[in-house]
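Q: Pasting a structure below so you can have a look.
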2 protein chains.
Amino acid sequence: MKQISTMRDVADRAGVSVATVSNYLNDAKPVASKTRARIESAMQELKFVPSIAGRMMRGGRSAAVGFISIDAPDPYFVEVARGIEDVARESGCVLISCNTGGDLTREKQYVEALATMRIVGAIVHPAFTGAGESHLDRLRDAGSSVVLLGADESDYDACGVSTDDVRGGFLAVEHLISLGHKRIAFVGGPGGERQMRDRFAGALGAVRAACLAELSLQRIDASGTSIAARAEVGARIAALSERPTAVFCASDSLALAVCGTFARLGIRVPEDIAVVGYANTDQTELASIPISTIAVPQYEIGRTAAHLLMSESQSGHQHTRTVFQPRLIVRESTVGHRG
Amino acid sequence: MKQISTMRDVADRAGVSVATVSNYLNDAKPVASKTRARIESAMQELKFVPSIAGRMMRGGRSAAVGFISIDAPDPYFVEVARGIEDVARESGCVLISCNTGGDLTREKQYVEALATMRIVGAIVHPAFTGAGESHLDRLRDAGSSVVLLGADESDYDACGVSTDDVRGGFLAVEHLISLGHKRIAFVGGPGGERQMRDRFAGALGAVRAACLAELSLQRIDASGTSIAARAEVGARIAALSERPTAVFCASDSLALAVCGTFARLGIRVPEDIAVVGYANTDQTELASIPISTIAVPQYEIGRTAAHLLMSESQSGHQHTRTVFQPRLIVRESTVGHRG
DNA sequence: TTGAAAGCGCTAACAA
DNA sequence: TTGTTAGCGCTTTCAA
């Protein structure tokens, strides 16, 4: 590894001052075309790569946006990330994607690392702990903006984007009840405690609203976010003595995994058991049995969050909350083949 | 947004010099416990977040490792990323995950951005272009190490980790031939041209090695990496006048999507058509119909790459290539229910 | 159109 | 054990 060259080196080689090189690089002031040419070839010869350090020293920021999520590889977050990235790129920022696995310690590590890097800001889907999100202050302290996903005012005072998950849970179970199901299971799991809580609350609300005596809602949780852990829930449901006739899975990933397990066990969906997912990720439409689900505008959520972040970092305006409304999408996993 | 406080502020507030604060922060020299306490409370009061800029100026690097891949959300890369992250964290580095979508322009943007940030190094799964990977020199020029995934010596001189994909393709098709299939389709697609090429070459090799007159291998490619594009290939295969009796999909994602389409069209797997995937991601085992596939040690690949990166960045030793051998895993998508 | 010089936040060598 | 000081790579006045 040779010496890394600096603006000073480029300036010397081109026979100009560092100020001129800086002006050239930032289009800050006009630079004579002959001078430009000399600078350009000097940069080529010296393989100059500007360092962000110098810029940062002058109060500048890393041209990066952080995305801290519970389960980055989940198709839901993947779509959100795509929305964020598309907006971030318009502002010349790269996306730094960090996966906490729902672990608060890791979340804190990432927050600290990103704060140290003086990124423009971070979009955070917190591992909800009920203890507030004061560790996010570290980002603020470092001058980075914060936008929350799936949290509310009581959690932390920041711009936020979320979905009305109580309503979503309600829609899902209302649908199942309207199909005549009496024994319904709610399938939750780790990752997004707050979402789970709201979706379950909505599900319960639908049961109450139905006012039917024999209606039961049973809750079952996955033990982890791995596919194996999610698939295992399906086996547990199948083994239940009084097996439910319908399950509402609080995420599409759960629904997909549960459906896979049912198929392998020879349990037919929806004839033996109906399944509803949550989020409407691509997979649900194109699964072996297309899955009914609660649609959430994932990509839009990402874009909206990124826009909020960008405008907050530029003008530091007042905090805003955007709440999207979910809607029910009916597919074969609840109504069977149509027509 | 108040002023961001600096070491200078902390030092003043604690009534010590900046050097002492620095020593405290880096455990560089012993600091008296009374002094420590004063520094600590000053840091608290001022909400001090150290800036990486200062450190970087002194030749330091961002405690980050980059991962530039073609399709970050693909389960294959997710597992690789997990391997990288686990190793990176041991060295106190965060993972910056960047998704190129197979687009060389975006790959270059990310390379430049990471080079500017003076990261420790990057692990790159390039969008193979045949034109070499000279843009990766930018990382080198910035003093960052580079480790390649799925490329070979002819592409770029760097440490690398890959899989013997020719062998993998051979194993897959050999398996199908051994089951008596005569009309076989190879399903490829964008993302990892070099892998596609090798897997197809291996598949062809198996056909040739079989020395059977009526054996045909037809190639069909997906038009994109979206689930919809992948699912569409299944429909195209189903519509073929001389429909193949077996398909070898060059990735598990393709295999899963194709199987979904087949199921929706009422085509039975494996009775009507057998399917083999590639990589052995979790999904294949837990799909509705467990999918036969070519196992590749994804997590190990990530770990190995990260170890190479870390040791290169520390000692700049000679370049090393690790090639993993794939192996066949037989499941129901080719042999039906067993027992 | 260009240059000189100050300063950003931090580390490290040296002095006290 | 603590302080002084000289940079590190860059931007940005201000002057030429």
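The values are calculated or read from the model by the stated rules, or taken from the named source; none is laboratory data. Computed from a prediction, not measured in an experiment: that's the story for all the values here. Glycine gets a Cβ as well: all are built from the backbone with ideal geometry, and neighbour counts include every protein chain shown.
Q: Of the residues A:184, A:123, which single one is within 22 Å of residue A:277 (Cβ to Cβ) and away from every other protein chain (no Cβ under 14 Å)?
A: A:184
Q: Residue by residue through the range A:189-212, note down the ones that are within 24 Å of residue A:272 (Cβ to Cβ) and either within 18 Å of the chain's Cα centre (by Cα) or without any contact (Cβ under 8 Å) to a residue 24 or more places away in the chain (or both).
A: The answer is A:189, A:199.
Table: residues versus (1) at pLDDT 95 or above; (2) within 27 Å of residue A:286 (Cβ to Cβ); (3) in contact with a Gly (Cβ under 8 Å, 6 or more places away or on another chain).
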{"position": "B:127", "(1), (2), (3)": "no, yes, yes"}
{"position": "B:131", "(1), (2), (3)": "no, no, no"}
{"position": "B:169", "(1), (2), (3)": "yes, yes, yes"}
{"position": "B:221", "(1), (2), (3)": "yes, yes, yes"}
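Q: Right, here's the next one. Which condition number in (1) outside any helix (DSSP H, G or I); (2) surrounded by fewer than 17 Cβ atoms within 10 Å (Cβ to Cβ); (3) of a type outside the set (Phe, Trp, Tyr) is the one that residue A:275 fails?
A: For residue A:275, the exception is condition (2).
Q: Moving on to the next point. If I ask for residues that are of a type in the set (A, V, I, L, M, F, W, C), touching a residue at least 12 places away in the same chain (Cβ under 8 Å) and within 16 Å of DNA strand D (Cβ to nearest atom), which ones from the range B:53-75 would you list?
A: If the condition is that a residue be of a type in the set (A, V, I, L, M, F, W, C), touching a residue at least 12 places away in the same chain (Cβ under 8 Å) and within 16 Å of DNA strand D (Cβ to nearest atom), then B:56 is the only one that fits.
Q: Which of (1) under 20 Å from residue A:329 (Cβ atoms); (2) polar (S, T, N, Q); (3) surrounded by fewer than 19 Cβ atoms within 10 Å (Cβ to Cβ) is the odd one out, the single condition residue A:195 does not satisfy?
A: All conditions are met except number (3).
Q: In the range A:64-100, which residues are facing another protein chain (nearest Cβ under 8 Å), part of a strand (DSSP E or B) and within 12 Å of the chain's Cα centre (by Cα)?
A: A:97, A:98, A:99
Q: Looking at the range B:147-168, can you tell me whether even one residue there is of a type in the set (Lys, Arg) and within 12 Å of chain A (Cβ to nearest Cβ)? Write out each step before concluding.
A: If we filter the range B:147-168 for residues that are of a type in the set (Lys, Arg), which is where we start, we get B:167.
Subsequent filtering for residues that are within 12 Å of chain A (Cβ to nearest Cβ) retains none.
For the range B:147-168, residues of a type in the set (Lys, Arg) and within 12 Å of chain A (Cβ to nearest Cβ): absent.
Q: How many residues does the range B:1-46 hold that are away from DNA strand C (no atom under 12 Å from the Cβ), under 24 Å from residue A:121 (Cα atoms) and surrounded by 13 or more Cβ atoms within 10 Å (Cβ to Cβ)?
A: Adding up the residues that qualify gives 1.
Q: Do we have any residue at all in the range B:163-176 that's of a type in the set (A, V, I, L, M, F, W, C) and assigned to a strand (DSSP E or B)?
A: No, there is no match, as no residue in the range B:163-176 is of a type in the set (A, V, I, L, M, F, W, C) and assigned to a strand (DSSP E or B).
Q: Okay, moving on. Of these, B:227, B:220, B:301, B:289, which one is under 30 Å from residue A:229 (Cβ atoms), in contact with a strand residue (DSSP E or B) (Cβ under 6 Å, 6 or more places away or on another chain) and hydrophobic (A, V, I, L, M, F, W, C)?
A: Of B:227, B:220, B:301, B:289, the one residue that is under 30 Å from residue A:229 (Cβ atoms), in contact with a strand residue (DSSP E or B) (Cβ under 6 Å, 6 or more places away or on another chain) and hydrophobic (A, V, I, L, M, F, W, C) is B:301.
Q: When you scan the range B:8-42, how many residues do you find that are more than 10 Å from DNA strand D (Cβ to nearest atom) and closer than 18 Å to residue A:117 by Cα?
A: So the answer is 2.
Q: Return the only residue of B:258, B:233 being buried (at least 24 other Cβ atoms within 10 Å of the Cβ) and closer than 30 Å to residue A:289 by Cβ.
A: From the options B:258, B:233, the qualifying one is B:258.
Q: Applying the selection to the range B:101-120, what residues are away from every other protein chain (no Cβ under 11 Å) and touching a Lys or Arg at 6+ places or on another chain (Cβ under 9 Å)?
A: B:108, B:120
Q: In this structure, does residue B:239 turn out to be more than 9 Å from every other protein chain (Cβ to nearest Cβ), in contact with a strand residue (DSSP E or B) (Cβ under 8 Å, 6 or more places away or on another chain) and either over 25 Å from residue B:163 (Cα atoms) or touching a residue at least 60 places away in the same chain (Cβ under 8 Å) (or both)?
A: Criteria not met by residue B:239.
Q: From the list B:223, B:241, which one is within 23 Å of residue B:101 (Cα to Cα), assigned to a loop (DSSP other than H, G, I, E, B) and of a type outside the set (Phe, Trp, Tyr)? Even if it seems obvious, please write down each step before you answer.
A: On the way: B:241 fails: within 23 Å of residue B:101 (Cα to Cα).
One residue alone meets the criteria, B:223.
Q: Ok, one more. In the range B:9-54, which residues are within 20 Å of residue A:143 (Cα to Cα), within 13 Å of another protein chain (Cβ to nearest Cβ) and not in a loop (DSSP other than H, G, I, E, B)?
A: Hits for the range B:9-54 are B:9, B:10, B:43, B:44, B:45, B:46, B:52, B:53, B:54.
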